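The values are calculated or read from the model by the stated rules, or taken from the named source; none is laboratory data. Keep in mind that this is a model prediction, so the values were computed, not measured. Positions of Cβ are backbone-derived with ideal geometry, glycine not excepted, and every protein chain shown enters the neighbour counts.
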């Protein structure tokens, strides 16, 4: 339950055949919770919320791919929860959601007295979002531990992904803790500082080299579970 605040906790549940992390973000004073990317096993999500004694009031979507939203309708049949996503992702998705809260990057929402910052992080999809809570960042399929999301699926754009990861490098503290959308690595979480040292996608400053590595090379030379890759080792790949 990695969190550095007594005000909120973040609990990861690894569910489904694609090693998805579904998160329960809990505001402790109000005992309210947000589910991040409800998928695969809604009874387990509900059971854990009951064990924690919390009420699910919100749903935070990082993006609209099936493996991150396939439990949404089932969850909403049990809870009158407010669904949050970026407006650009709703337009890309095209689903008929009932009164969702549509946001833009830079918006803030509250869960009890816990403030959640919404970051627009395109690359995996046009409206991918990351959610920052204190010193924690829930990254969906934008940034994995020692990896990043694919850009060859519908809506993917490697140049946008490069820009997004550059913003992480330039704008976020190295101490922030990364909570990814899948358990693809040798560890479940990391800090941005660890990613700057060991994530190959964070080593590229030139967009053309990043695009070549993401689209042509990475999947040929790496398999999960991902471990740290030093910048120097990329030289052997000719990039």
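What are the residues in region 104-114 that are surrounded by 15 or more Cβ atoms within 10 Å (Cβ to Cβ) and closer than 21 Å to residue 7 by Cα, if any?
Result: 107, 109, 111, 112, 114.
Could you please find all residues in region 6-29 being within 14 Å of the chain's Cα centre (by Cα) and assigned to a strand (DSSP E or B)?
Across region 6-29, the qualifying residues are 10, 11, 12, 13, 14, 20, 21, 22, 23, 24, 25.
Within region 36-52, count every residue that is in contact with a helix residue (DSSP H, G or I) (Cβ under 8 Å, 6 or more places away or on another chain), farther than 22 Å from residue 104 by Cβ and not in a helix (DSSP H, G or I).
Residues that pass the stated criteria total 3.
Check residue 134 against each of (1) buried (at least 24 other Cβ atoms within 10 Å of the Cβ); (2) farther than 21 Å from residue 227 by Cα and name the one condition it does not meet.
Only one criterion is unmet by residue 134, namely (1).
Just wondering, is there one or more residues in region 2-20 that are at pLDDT below 95 and either surrounded by 19 or more Cβ atoms within 10 Å (Cβ to Cβ) or under 13 Å from residue 181 (Cβ atoms) (or both)?
Yes, region 2-20 contains a residue that is at pLDDT below 95 and either surrounded by 19 or more Cβ atoms within 10 Å (Cβ to Cβ) or under 13 Å from residue 181 (Cβ atoms) (or both).
Could you check, for region 206-216, whether at least one of its residues is touching a strand residue (DSSP E or B) at 6+ places or on another chain (Cβ under 7 Å) and in a helix (DSSP H, G or I)?
no
For the structure I just gave you, tell me whether residue 139 is buried (at least 18 other Cβ atoms within 10 Å of the Cβ), at pLDDT 95 or above and in contact with a strand residue (DSSP E or B) (Cβ under 7 Å, 6 or more places away or on another chain).
Criteria met by residue 139.
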